[in-house]
1. Taking the conditions exactly as written (at negative phi, within 15 Å of the ligand (Cβ to nearest atom) and at pLDDT 95 or above), does ALA296 satisfy them or not?
2. Kindly provide the set of residues from segment 195-215 that are closer than 17 Å to THR159 by Cβ and more than 16 Å from the ligand (Cβ to nearest atom), ordered by number.
3. Having 2 or more residues that are modelled with pLDDT under 90 is the bar; report the strands (runs of 3 or more DSSP E) wholly within segment 96-142 that clear it.
4. Under 6 Å between Cβ atoms, which residue pairs at least 6 apart in sequence (or on different chains) link something in segment 294-322 that is more than 13 Å from THR271 (Cα to Cα) with a partner that is small (Gly, Ala, Ser) and within 16 Å of the ligand (Cβ to nearest atom)?
5. Only one of (1) more than 15 Å from the ligand (Cβ to nearest atom); (2) at positive phi; (3) of a type in the set (Gly, Ala, Ser) is not met by SER221, so which one is it?
6. Tell me, yes or no, whether segment 174-186 has at least one residue that is on the phi > 0 side of the Ramachandran plot, away from the ligand (no atom under 16 Å from the Cβ) and modelled with pLDDT under 95.
7. Test of understanding: among GLU313, GLU307, which residue is in a helix (DSSP H, G or I) and either more than 16 Å from the ligand (Cβ to nearest atom) or of a type in the set (Gly, Ala, Ser) (or both)?
8. Give me the pairs, please: first residue somewhere in segment 270-292 and on the phi > 0 side of the Ramachandran plot, second residue anywhere and assigned to a loop (DSSP other than H, G, I, E, B), beta-carbon distance under 8 Å, and either six or more positions apart or on two chains.
Amino acid sequence: MPDEQIKINVLYFAAASTATGLTQELVPIPAGLRLSSLGDLLISRHPNATALRKILDGSKWSVDAEMIDDPEELELKGGQEVAVICPDAAYRNFVLDPCRDRHGHLTPRAAFRATRLTPTTFLISEYNDIYGEHPQIFVKLIRSARTILIIDTGCGGATVDPDIEITSLRKFIEEVQLDCNGGRPLNEGKHMEYVVIATHCHYDHILGMEQFNDSRILASSHSPSFVSPSNLPTHSLCESMGIPTPSYTPILVPHEYAILGMYIFHTPGHTPDELAVYDAAEKMLYVGDSLYEEEAIIFPNEGSIVEWMSSIEYLIVFVEAKENRTGEVLSATKTFMEDVIAGKEPREGDLYCGVLKGWC
Ligand SMILES: [Zn+2]
């Protein structure tokens, strides 16, 4: 009998995913294959992906969620998860295929869909919420600390679809098997602790918070009164929306607060408590509602364009210093807003009521 062939699971992100048309594939490998030779093997499997060689030449590798500095030193043994990390994986808004279940169907009866962005990071979307907000929730697995870090908790699973069974974000994370996570729930067996970060207190970011009241919930200390229990119903917009304000007690953290390899920055502007989260290992920057790719930037009553400008300038300087590159999205957004102020770009109008789509 021939030896049982060993295989690895290769994950493709960003340009590598576009070139291959895949987000992952099981790849048989010869015994003793070094990581440095994997690129040639993948190129031979995808002869029509003409851009793949150039993409791989400019990419790095991770194996089982650890970045590899010297691929020549690492021998693949099978059973590993190898990811192609493209340079354009940083500072982008990804739109990838949603996760599917073991039978290739979309995870059908949950108010959420998950997409894998990096070896450790997943985007959970509430795709059919009753508010039309379609909130984005980011989940990072930090296995070394047995912790799951959650950035925002969305609209609490309130969906327009009466057939949906799973409306709890926590239940989705702990029970729904995801092919993009090797067929396992994100928190299989509930072995991981949670740390939850609120990018700000608008309702579409906090309606799932009560599900994590047994965990640390972090928020900005920039304006403690803004998020105080007495002001939260107004400032979360729950009051004007006619929905109960969730009850949770955040730990208010200072500017440039470090936790589990992540950094939290105060970025007031959209709201006084707006914050951004930087993942140093994955080079991902989460900006909350400070800016969007395709929606208007919103300044509610408590917002400040002056503070927003300062916050964006801070992030631009930070990215340039940390990454030795220009933050193109941040710079372009700042320039756009300067044009708006100068009257060169149209405003979408003055908003007075929190029920308008795209408010938060
Ligand atoms: Zn908002």
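1. no
2. Hit for segment 195-215 is GLN211, nothing else.
3. Per the criteria, 112-116.
4. GLU295/GLY358
5. (2)
6. yes
7. Matching residue, one of GLU313, GLU307: GLU313.
8. Once the first residue is on the phi > 0 side of the Ramachandran plot and sits in segment 270-292, its partners that are assigned to a loop (DSSP other than H, G, I, E, B) give LYS283/ALA90; LYS283/TYR91; GLY288/ASP152; GLY288/THR199; GLY288/HIS200; GLY288/THR267; GLY288/HIS270; GLY288/GLU274.
The values are calculated or read from the model by the stated rules, or taken from the named source; none is laboratory data. These numbers were taken from a predicted model, which means no experiment stands behind them. FYI the Cβ positions are ideal-geometry reconstructions off the backbone, even for glycines, and counts take in every protein chain you see.
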